[in-house]
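Here the structure is laid out as structure tokens; the discussion comes afterwards.
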Amino acid sequence: MNKACGWLNGRQRGEWCLSSIGGWTHYLLLFAITSFTPGLSSAQELSLQKLVTPSTVISKDGHPVTFAIHAFIEFNSLKDAFPYIESQAGRWQNSAAFDAAARQSLRRRLLREAVESRVISMTDERPLEVLVTHTAQEVKDAIALVKELLPTGYMEAFLQVQEKWKQSLNCWSAAPSIPARVLSNWYPIEEGIVLYGTTYDSTEHFWQAVKYHPDVTVAQLAELLDKFEHHDWESWLAHLDGDPELYLSNSYAVEFLRHNLASERLRWFRQELDRQGLRPADRARQAQQRHGTAFRFSAFEAKVLWGDLADLFHLAYMFSSAGDPLREVLAEDHFDGIYLGGRKMAFISEEFRSLMIEIWKVKYLQIPRFREVIANIPTQIRLEHFLNDGDSPDIPIPVYVGYLNEIRNMARRQAP
């Protein structure tokens, strides 16, 4: 998973490998560091009026800065997102469980997600800078001047996002604030971190490695990918799409599956396994551990190769019917749960999710340099996490954020 991390657009581990981090004392440090955004003049080009105008396409380096709903439904402007939001509210017309109130609630939820994804960009900090450096009244006034048709709840969505991020720190691997960067699971740990008796390069490496049974080999993964390429996923996904209760409770997971079950994506997984020089007999979990050579795989590779591949297999098992032959194949290769220390945990379960806070106890409570970083972040600032490319479906963001703030409280109690 890339909780508190992000995709980094191919950035490598060494870019953020800092041997020691000083304390963080200024509330607005997140917004004070301007060197992270190339070109001060370009940071002055986006006005509040442009930001709140739905048809605005924000560009950087000559390309549109996209944002997404459910991580994989991408848009260039908020205006482009409105028809999609309305189409989702218009689904399942014959479902008694999806009445008018439920449709309106979905519209508001998707609109809020679109606005937040537009503002919290992983490639351009200008939208966030513009929003948090204006008052709520200025946002209201700017939206009142918009001449375009606005959906119900548009102003409220901007005000909610503004209020949240004026008091929060977005913790991910390319954050302009060093403390937020350190709080990423992607943050490389030079000395390594020992978790459940084995050394890993980062907490991200552990989190993705543990999704593989200790005995699963690269050859088995290749065989599964071959079977997946010949499976009828179109009708399988149609079943998930057709059930409003199932889809709405698992929107990101379903869109994750749709994206990663595409033929070209399945071939990409196979090509990446080959490109890494892995032998058929190599064990997937062991390959991600530190054995002599540090950083064999970057945190980015741990997420987009090992993590997404494991998530794909686990989710395919979870959403397949009991009689599906492929489900039995996945169970044979131990993608029917998480196996660790003699335990078997369901992939999406409270027991598995609780591992996150357990490994953070090692990083933030037992390693002094990381304890000092998180303990020195003032409690008035809520530690948050929002990535507009989505995230792994194994732990809900509210649960993750709750753990993050809880571990800070533990670190502060231990601080000298």
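Before moving on, here are some points about what is shown:
- Cα centroid of segment 171-201 to Cα centroid of segment 357-416, whole Å: 11 Å
- With contacts taken as Cα pairs under 8 Å at a separation of at least 6 residues, the chain carries a relative contact order of 25 percent.
- Scanning the chain for DSSP H helices at least 15 Å long along the axis (C-alpha atoms) with a Kyte-Doolittle mean no lower than 0.0 picks out 218-229, 308-319.
- Highest-first packing order for the peptide set 228-239, 327-338 is 327-338, 228-239, based on the mean count of other beta carbon atoms within 10 Å.
- Karplus 3J(HN,Hα) series, Hz, for segment 190-207 with 6.51 cos²θ - 1.76 cosθ + 1.60 (x for Gly, Pro): 3, 7, x, 10, 8, 10, 6, x, 10, 8, 10, 6, 7, 5, 5, 4, 5, 4
- Full extension of the chain segment joining residue 243 with residue 358 gains 37.9 nm, where the gain is 0.36 nm per residue of separation less the Cα-Cα distance.
- Pairwise centroid distance, computed over Cα atoms, of segment 224-282 with segment 88-141, Å: 28 Å
- GNM remark for the chain: springs join alpha carbons under 10 Å apart, and the peak mean-square fluctuation among 317, 212, 84 falls on 84.
- Summarising the amide proton neighbourhood of residue 67: residues at separation of 5 or more, or on other chains, whose placed amide H is nearer than 5 Å comprise 75.
- Placing unit charges on the Cβ atoms only, positive for Lys and Arg and negative for Asp and Glu, gives the chain a dipole magnitude near 1260 debye about its Cα centre.
- Pair residue 135, residue 281: separation of 7 Å Cα→Cβ label points (nm): 7.2 nm
- Relative contact order %, segment 38-168, counting alpha carbon pairs below 8 Å whose residues are six or more apart: 29 percent
- Taking the Cα centre of segment 250-325 as origin and assigning +1 to Lys and Arg Cβ atoms and -1 to Asp and Glu Cβ atoms, the resulting dipole is close to 320 debye.
- Computed lengthening from residue 230 to residue 322, 0.36 nm per intervening residue step minus Cα-Cα distance: 31.2 nm
- Here the mean projected area of the convex hull built on the C-alpha positions of segment 38-168 is 8.6 nm².
- Of 254, 399, 373, farthest towards positive along the dipole that unit charges on Lys, Arg, Asp, Glu beta carbons give the chain: 373
Every read-out reported here was derived from the displayed coordinates using simple, explicitly stated rules and does not represent laboratory data. As the structure is a computational prediction, the values presented were derived from the model and not from experiment. Cβ sites come from the backbone with ideal geometry, for glycine too, and all protein chains shown count toward neighbours.
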